[in-house]
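All remarks here apply to the structure that follows.
The values are calculated or read from the model by the stated rules, or taken from the named source; none is laboratory data. No experiment lies behind these values; they were computed from the predicted model shown. Methodologically, a virtual Cβ is constructed for each residue, glycine included, from the backbone with ideal geometry; neighbour enumeration extends over all protein chains shown.
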Amino acid sequence: MLGVVGVGAIGAAIVTGLSEGSDPPEILLSPRSARVVSKLAAAYPNVRIADSNQAVVDRSDVVLLCVRPADARAVMSALQFRNQSLISVMAGIPLSLLRELASPAKDIARAIPLPSVAVRRGITPLFPATEFARRLFERLGPVVEARDETTFDHFSAATATIAAHFLYLNQISNWLAAHGVAQSEAQHYVSAMFAEIAVSLHGHNSDFETLMREHATPGGINELFCRVVGEEGVWTAVDTGLDRVRQTLADRQRDL
Ligand SMILES: NC(=O)c1ccc[n+]([C@@H]2O[C@H](COP(=O)([O-])OP(=O)(O)OC[C@H]3O[C@@H](n4cnc5c(N)ncnc54)[C@H](OP(=O)(O)O)[C@@H]3O)[C@@H](O)[C@H]2O)c1
């Protein structure tokens with residue numbers, strides 16, 4: 001039995017991906033977020049709702065912890081764990097704290113799922129890649145084994161760039177709109193252009209510099225744009241933003 005404590009956006013995405021895949025596991029959900037959990041239980045015969053968080057822990061061989069990081073200590077402290085397997089997706093909660101709060105459980109993994117696990121196309125960094133964590137997330141797309149917890153936290157920082165990617169597309173779309181293209185047409189154009197380009201990222205051999213060169217004719221307008229945004233400090237700002245995210249995650253760990 002897989003138990004899930006905290007069924008919000010990412011908990012529901014994981015349950016959906018597992019339940020719609022082949023040979024779905026039995027899943028027991030914590031009762032909070034009644035609307036979401038009843039929808040999942042109604043949609044999938046392998047999903048049930050427990051009476052309490054403790055009932056989830058008591059009846060599960062593997063417990064998936066998906067509450068918000070700020071709630072982690074309170075939620076976990078209120079639970080009595082056994083020596084069972086745990087997987088935490090809670091960003092920035094280090095293994096040392098998980099071990100302390102989930103004692104005597106020792107088989108503990110951290111994971112960074114993406115919302116696309118719902119359609120089993122997520123890529124999920126794990127640390128450590130315990131057998132249970134690997135088996136679970138391999139059902140939802142490829143997994144990446146981080147070599148240590150610091151590297152795992154760097155993967156976590158990298159996921160902070162996703163919203164900015166959409167802002168970048170929004171900026172291009174707004175520029176078109178400001179120059180006379182209807183807003184909806186601009187959005188449609190930019191979406192279609194980047195959706196098609198994203199296809200070239202599938203597979204394991206994306207060499208971004210090669211892809212960049214393939215799209216940048218020497219002396220052409222792509223090359224010009226790359227140069228200007230570089231001169232304006234955009235690429236440096238990406239590094240600065242990632243460093244700041246990493247530092248913020250580290251500071252939060254100290255404050256837990
Ligand atoms: N969203 C993502 O793409 C993503 C990706 C990777 C990792 N994560 C991590 O996943 C965790 C959840 O993120 P999220 O985006 O799914 O947040 P979310 O949508 O807010 O989900 C958190 C859920 O936990 C519930 N909860 C709060 N207290 C609880 C308790 N005592 N017992 C049981 N459930 C409780 C919340 O219910 P209420 O709303 O009623 O408080 C909510 O349904 C975070 O730690 C985050 O770092 C998220």
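Worth a mention:
- When restricted to residues that are under 25 Å from the mean Cα position of the chain (by Cα) and modelled with pLDDT of 95 or more, the stretch 196-243 contains 10.
- If you check R120, R135, R99 for being assigned by TED's automatic domain parsing to the domain that holds V67, more than 16 Å from the chain's Cα centre (by Cα) and closer than 18 Å to D23 by Cβ, only one passes: R135.
- Scanning the stretch 71-87 for residues being more than 10 Å from the ligand (Cβ to nearest atom), out of contact with any Pro (no Cβ under 6 Å at 6 or more places or on another chain) and part of a loop (DSSP other than H, G, I, E, B) gives a total of 4.
- Check on T130, within 20 Å of the chain's Cα centre (by Cα) and within 13 Å of the ligand (Cβ to nearest atom): no
- Filtering the stretch 88-100 to residues that are outside any helix (DSSP H, G or I) and more than 11 Å from the ligand (Cβ to nearest atom) leaves only P94.
- Long-range neighbours under 9 Å by Cβ, at least six apart or interchain, first residue free of Cβ contacts under 8 Å to residues at least 12 places away in the same chain and more than 18 Å from P94 (Cα to Cα) within the stretch 137-162, second surrounded by 14 or more Cβ atoms within 10 Å (Cβ to Cβ) and polar (S, T, N, Q): E138/T124
- Figure legend. Inter-residue proximity from the stretch 103-116: first residues within 13 Å of L136 (Cβ to Cβ), second residues in a loop (DSSP other than H, G, I, E, B) and among the hydrophobic types (A, V, I, L, M, F, W, C), beta-carbon distance below 6 Å, spacing 6+ or different chains. Indicated pairs: A111/V89; P113/V89.
- When the stretch 51-70 is filtered for residues that are surrounded by fewer than 21 Cβ atoms within 10 Å (Cβ to Cβ), more than 10 Å from the ligand (Cβ to nearest atom) and without any contact (Cβ under 8 Å) to a residue 60 or more places away in the chain, the ones remaining, listed by number, are D51, Q54, A55, D58, R59.
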